[in-house]
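Throughout, read-outs are computed from the coordinates displayed, never taken from laboratory work. Keep in mind it's a predicted model, so treat the numbers as computed, not measured. Every residue, glycine among them, receives a Cβ derived from its backbone with ideal geometry; neighbour counts consider all protein chains shown.
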Amino acid sequence: MTLILRPPFVFNPLDTLPLLGALAVARTVNSSLGIKANVRWPNDIVVGRQKLAGVLAETTFIGNQLQYTLLGIGINANFHPSEIKEISPTPTTLLELLGSPIDREELICVLLLETEHMYELASSKLDEDLLNLLRELDCSREKHVKIGIGTEEVSGVLEDYDTFTKIRIRTVQGSRVDLETSSVASVEYIDF
């Protein structure tokens, strides 16, 4: 599913939209289907150690003018995980988790409401509420990660979120590194 968003130019940062979408998916799956889904920073939704969904965003500008953002949300629904093993090494699907197909239209309706709610929280600058929700649904803390930043890489344990847009890494050398979501090019979980 792809949503076309037209955030106000002052919406900052746009890079958090995938994380907002991931929160919306986790909340939707948890409340509608009774599945315990978690957010794996920065944009995945997992059940246990298996990936259920992912969220991506693409923003289009003309000059300095924000035109729109496409928020792509992919939830593995009514098919068997074996059909996507090439894409994700540890996938799961709603069909596998529930044992029967789900009503996708009903799920999408709830997801749209949750996405709107997350978007409104971000637009209203309710960062503390978002941060608390992220910590509640997160499964990334205390996990070993390799994070690509431009041509460099940071390896260590994702300790916590300082803000909704900033993570704290404890490197293998023991130093602390704070990273803004907007600076991250890639994330690989080592022990997940």
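Observations on the model:
- Answer residue from the range 77-106, given it is in contact with a Leu (Cβ under 9 Å, 6 or more places away or on another chain) and among the β-branched types (Val, Ile, Thr) and is surrounded by the most Cβ atoms within 10 Å (Cβ to Cβ) among those: 93
- Count - residues of the range 15-46 that are hydrophobic (A, V, I, L, M, F, W, C), farther than 16 Å from residue 185 by Cα and in a helix (DSSP H, G or I): 8
- Wholly enclosed helices (runs of 4 or more DSSP H) of the range 73-192 bearing at least 1 residues polar (S, T, N, Q) and either over 19 Å from residue 1 (Cα atoms) or under 17 Å from the mean Cα position of the chain (by Cα) (or both): 104-123, 127-137
- Only one of the numbered conditions (1) exposed (fewer than 14 other Cβ atoms within 10 Å of the Cβ); (2) free of Cβ contacts under 8 Å to residues at least 40 places away in the same chain is not met by residue 191, and that is (2).
- The single condition among (1) assigned to a helix (DSSP H, G or I); (2) crowded, with 16+ Cβ neighbours inside 10 Å; (3) hydroxyl-bearing (Ser, Thr, Tyr) that residue 69 does not meet is (1).
- Lone qualifier among 184, 145 - being out of contact with any helix residue (DSSP H, G or I) (no Cβ under 7 Å at 6 or more places or on another chain) and closer than 20 Å to residue 48 by Cα: 145
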